[in-house]
Amino acid sequence: MELLKIILVLATIVGVVDAETIRIKDNTGQKITLQLACINVPKATAQAIPATQRLKKLLPPLSSVVIRRTEKLGSDRIAGEVFVNNRSVNLLMLESGNAVVDQESLQNCSESKTQYLIAEANAKNHRWGLWQQSNNAMNQPKIFSARGKLIYEEIPPVMSVRAYLGEEFFLISNTPNQSRLVLRPSVQVSRDQLRSLQNQEVEITAEYIAGTRPSPNQVACPLDADGQCMAQGAGYQVLSIKLAK
């Protein structure tokens with residue numbers, strides 16, 4: 001029970017700042033800015049305003065919510081999942097196409113990860129909300145910068161999930177929750193370059209790659225929660241890397 005008290009926060013909505021940020025008042029009376037965890041609404045899109053309006057309808061002022069805090073971002077700012085009547089508002093935003101999955105922080109929502117990805121895929125398939133734009137920003141590669149310690153772990157020679165996934169390079173990010181990102185070599189940054197910087201503090205620019213799924217009929221593979229082969233090659237393809245100063 002003590003663990004639940006740490007993770008869950010009872011709160012009241014003060015107001016909506018934008019499509020992914022709200023102000024809440026917790027049960028001690030403290031006002032906090034909350035960023036909806038694991039989702040993103042690109043600001044430079046025509047759907048940003050409708051997405052904000054959608055969030056305002058879901059979270060009118062004074063409505064009661066339950067917050068599952070995923071990350072502390074500052075003294076009065078957190079990230080988390082918001083629940084109304086046992087339904088995740090983060091998930092509702094994805095289902096309606098008013099948000100996309102934020103791959104950089106998705107590991108913070110591990111219990112909801114599969115639901116989030118399915119909701120996004122369904123909204124994209126139906127071209128709802130943000131997906132109405134044929135040339136919208138979600139279809140463009142998302143390049144970001146990160147800093148942390150580069151870790152190399154040799155892939156085991158025996159058959160295992162990790163051997164199947166081919167994951168050997170990781171970045172332990174310099175964030176409060178120390179995210180562990182899977183790194184992949186690229187044309188710009190080779191495997192040998194990554195290995196030469198193991199156990200070093202580095203700065204990278206990278207692009208998220210979703211990976212591909214082989215057919216279960218063609219190859220023996222570990223299955224995900226949906227009964228499909230797990231994606232191979234998923235991770236952050238390193239476009240540039242240097243020692244952190």
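All of the numbers you see were taken from the coordinates with simple rules; none came from a lab. Every value quoted in this text rests on a predicted model; they were computed, and no experiment measured them. Cβ sites come from the backbone with ideal geometry, for glycine too, and all protein chains shown count toward neighbours.
Annotations for the structure displayed:
- Each Lys or Arg adds one and each Asp or Glu takes one away; over the other residues whose Cβ falls under 15 Å from the Cβ of Leu183, this sums to -1.
- By the beta-carbon count within 10 Å of each Cβ, the least crowded to most crowded order of Leu171, Leu223, fewest first, is Leu223, Leu171.
- Subset of Lys124/Lys242; Lys124/Lys149; Lys72/Lys149; Lys72/Lys124; Lys72/Lys113; Lys56/Lys124 violating a 26 Å alpha-carbon distance limit: Lys124/Lys242; Lys124/Lys149; Lys72/Lys124
- Cβ-based net charge around Ser173, under 13 Å, with every Lys or Arg adding one and every Asp or Glu removing one: -1
- Quotient of the Cα radius of gyration of the stretch 2-138 and 2.2 N^0.38 Å, N being its number of residues: 1.01.
- Net charge of the neighbourhood of Ile32, taken over other residues with C-beta under 12 Å away and scored Lys/Arg +1, Asp/Glu -1, is +4.
- Based on DSSP H segments of at least four residues, each scored -39500 (n - 2.57), the chain has a per-residue ellipticity at 222 nm of -5500 deg cm²/dmol.
- Whole-percent pair-distance distribution, where bins are 10 Å wide, for the alpha carbons of the chain: 7, 27, 31, 25, 9, 1
- Top of Val17, Val158, Val41 by mean-square fluctuation, Gaussian network on the chain, Cα under 10 Å: Val158
- Axis angle, to the nearest 10 degrees, between helix 48-58 and the longest C-alpha principal axis of the chain: 60 degrees.
- Projected label distance in nm at Gln198 and Val17, using a 7 Å step from Cα toward the beta-carbon: 4.1
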